[in-house]
Amino acid sequence: MMLLQISAAQGPDECCLAVSLALRQFHKEAQAMQVELNEVEREDGRLPGTLRSVLLMLNGDAAESLAAKWCGTLQWICESPWRSGRSRKNWFIGAARFSPAAVLKESEIRFETLKSSGPGGQHVNKTESAIRATHIASGISVKVQTERSQHANKRLAYLLIAHRLEQLEQQQLDQQRAERRMFHHQIVRGSPVRVFKGEKFTPLA
């Protein structure tokens, strides 16, 4: 089991369309390679039929090979369906396999079993195969009922928690970078907290 994300990042609507088309092609290749594919999460684009990102779960002997073919920058060469007369024909999206950067201990996560909800007939109504996982320190919580097996749902929940934690860490790093960039424009001349002088940078106070 592994997670793979296809994303338009901050690209325009054409990139979001490329993600949707890439997902369709990915399904075809997964079927041809006998890789079981489940969609875990998706973020719709601004326009109908487009996707900002999609998170996929891959299972099967050929999952590694399939993921290796897709990971990296993906280029789509096509005229924009929305910008007639424009010369731009190259659109870029990305695909990345997720591997937890740090190993989480199960003691850091609280797991609860639940009855699955939604379509599925008697199996869904009677079997407590769904899992809710909560990362105790951060409060991040996910509910998983993609698989019929409780064990498989628990494993996926673990991966999703690790994925969310990595995303949170990346967001914090991005915010820190943005704050550092803003700092360059916020330095006030005058009223210094310390003063240094000369080539030896000698402190005066």
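Taken about its Cα centre, segment 9-98 carries a charge dipole of roughly 480 debye when the Cβ of each Lys and Arg holds +1 and the Cβ of each Asp and Glu holds -1. Segment 152-184 and segment 2-61 have their alpha-carbon centroids 20 Å apart. On full extension, the segment bounded by Asp44 and Gln167 gains 42.5 nm, given 0.36 nm per residue less the C-alpha separation. Modelled label positions at Lys143 and Leu23, each set 7 Å beyond Cα in the direction of Cβ, lie 2.1 nm from each other.
Can you tell me how segment 1-97 classifies by the Cα gyration tensor, rounded, prolate or oblate, using a/c under 1.5 as the rounded cut? Display every interim value, and only then the final one.
Values: a/c = 2.37, a/b = 1.95, b/c = 1.22.
Prolate is the answer for segment 1-97, as a/c is 1.5 or above and a/b outweighs b/c.
Annotation: per residue accessible area for segment 23-98 equals 63 Å², rounded to a whole number [probe 1.4 Å, protein chains only]. Taking the average, over residues, of other Cβ atoms within 10 Å as the packing measure, peptides 141-149, 29-37 rank 141-149, 29-37 from highest down. Between Leu204 and Arg181, how high is the FRET efficiency from 1/(1 + (r/R0)^6) when r is the Cβ-Cβ distance and R₀ = 30 Å? Nearest 0.05. It comes to 0.50. Note that segment 24-38 has calculated 3J(HN,Hα) couplings of 4, 5, 4, 4, 4, 5, 5, 5, 5, 9, 6, 9, 6, 10, 10 Hz, one per residue in order, obtained from phi through the Karplus relation 6.51 cos²θ - 1.76 cosθ + 1.60 (θ = phi - 60°); glycine and proline are x.
The shape of segment 43-91 comes out oblate: with a ≥ b ≥ c from the C-alpha gyration tensor, a/c is at least 1.5 while a/b does not beat b/c.
Subtracting the Cα-Cα distance of Ala32 and Lys105 from 0.36 nm times their residue separation leaves 22.7 nm of extension gain.
The values are calculated or read from the model by the stated rules, or taken from the named source; none is laboratory data. All values derive from a computational prediction rather than experimental measurement. Using ideal geometry, Cβ is built from the backbone for each residue, glycine included, and neighbour counts are taken over all protein chains shown. Note: areas computed on protein heavy atoms with side chains; ligands, DNA, RNA excluded. Shrake-Rupley method; radii C 1.70, N 1.55, O 1.52, S 1.80 Å.
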